[in-house]
Amino acid sequence: MLMWLTREEERILGGEKGFAAQKAMEILVALGDIFGADRLIPVGSVQVSGVSYKTIGDEGLEWLESLQGGKAVVEATLNPAGMDLERWEEMGVPKGFADRQLRIIAAFQSMGIQPLCTCTPYLLGNLPRFGEHLAWSESSAVCFANSVLGARTNREGGPSAIASALVGKTPRFGYHLPENRRPALSIDVPISLKDGFDFSLLGYVIGLEAKNRVPFIESMGRYGYIICRDELKALSASLAASGSVALFHMEGVTPEASMAKKSLRLWIKEVERLSIEREDLERAREKLSTASEDEVDLVAFGCPHASLEELRLIAGLLRGKSLKRRVRLWIFTSLGIRRIAERCGYIHAIEAAGGRIYADTCMVVAPLEKMGFEAIAVNSAKAAVYLSALNKPKVILASTEECISMATKR
Ligand code: F3S
């Protein structure tokens, strides 16, 4: 063992606090030793991915049930599950899948991990502070927390995030260290972007170039356009999907950007420079679209989970319209946002047009391939990347307005 442990940490490793805490400490020590961490540091919160039965299967379920007796010692929240926990029958989720999914949720709850079941926990109260250390394992949320909020987390896997929840600590390496947060490439974006869809495409293109490096995005504020939280949410998700970007800096927008700009001047010889043009975004869109408009039988929004503002926008676009007979329109969000949207009247407006709003899950982790869909239209490059990897259903990537037009009667 290479990483230094306190007496208490050694006792946990020795089994003094029970089997689950011991297993958790074994995971953290192994991770710390592999990545050269000097010690463990306390975390402010944990976000646990690997919640859907579709992704973790029976082996994952058994492992979670073997951890019974373990208790989260910090705020810990869950990523989306494989179904709406209340409306899974309406979604058409098979009963066998649902039974196992509910056992997974029960196992997490018995460990004190809160079933928020969302990839946007920062919209529901798990909102980290600047400089706070975290152990988060949802790639889009990791990128948002590191970049937009200035918190510090590595891209954890599901098991290491659970381990951090049970111990309250994470090994100190990677993005927890200031020297790993400086940019390695600089991106100029000399075009104006108009909405979250454009930001989603931009993130996809930058992610392909950046891979796991930290990009610095130059003067996006130059057109006097105020970049909103949902655009940064879309950008974070696609950066983390086409590459494995966990942190970006955006001049005039993100909290560490001025520090990053200073370090760019110092390390200029090591920094690659790129420019992204409108044609790059168009090429990305074509590459990720495998279906034609007339094949679409599901339009799915909410990757990452839709915010209240996005639901308001969709409700407005659907006003006075109704869905084509063979097309369904599903929007994925968290239970908390759905409840507030109900109060605002957005749910009523969306459902009046024939749409449905599902909580706790999303188009990627729900077993859509078992539900008979042929082609899905999405406005998220991350969703398109993950759905394309499954091969079926086919995918079309389009703006929110274009997706609504594919779903509704003329
Ligand atoms: Fe969230 Fe599912 Fe997309 S977990 S980021 S909505 S793939």
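The table that follows gives values for the structure above.
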| item | result |
| --- | --- |
| For SER322, residues with placed amide H under 5 Å, excluding near neighbours | LYS409 |
| Percent of beta bridges antiparallel (DSSP, the stretch 291-410, rounded to nearest 5) | 5 percent |
| Calculated [θ] (222 nm, deg cm²/dmol) that DSSP helices of n ≥ 4 give over the chain, each run adding -39,500 (n - 2.57) | -12500 deg cm²/dmol |
| For q = 0.10 Å⁻¹, Debye-computed log10 I/I(0) when each Cα of the stretch 50-151 counts as one equal scatterer | -0.30 |
| Considering only the chain, percent of DSSP beta bridges that pair antiparallel, nearest 5 | 10 percent |
| From the C-alpha gyration tensor of the stretch 1-117, square roots of 5λ in Å | 32, 13, 13 |
| Whole-number D in µm² s⁻¹ for the stretch 99-208, Kirkwood Cα-pair radius fed into Stokes-Einstein, 25 °C, 0.890 mPa s | 153 µm²/s |
| log10 of Debye I(q)/I(0), alpha-carbon scatterers only, for the stretch 259-410 at 0.15, 0.17 Å⁻¹ | -0.77, -0.92 |
| Prolate/oblate/rounded call for the stretch 321-410, Cα gyration tensor, a/c under 1.5 rounded | oblate |
| Sequence of GLU402, GLU156, GLU138, GLU218 once ranked by neighbouring C-beta atoms within 10 Å, starting from the fewest | GLU402, GLU218, GLU156, GLU138 |
| Histogram of C-alpha separations across the stretch 126-271, 5 Å bin width, % | 2, 11, 20, 24, 20, 13, 6, 3, 1, 0 |
| Percent of C-alpha pairs per 10 Å bin, the stretch 223-323, short to long | 10, 30, 37, 16, 7, 1 |
| Evaluated over the chain, the Cα radius of gyration and Dmax, each in Å | 21.3, 69 |
| Volume of the Cα convex hull of the stretch 13-65, divided per residue and given in Å³ | 119 Å³ |
| Under 5 Å, built H, 5+ apart or other chain: amide partners of VAL43 | LYS169, THR170 |
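Any read-out appearing in this document is the output of simple, stated calculations on the displayed coordinates, not a laboratory observation. Just so it is clear, the structure is predicted and the values come from calculations on it, not from any experiment. Cβ sites come from the backbone with ideal geometry, for glycine too, and all protein chains shown count toward neighbours.
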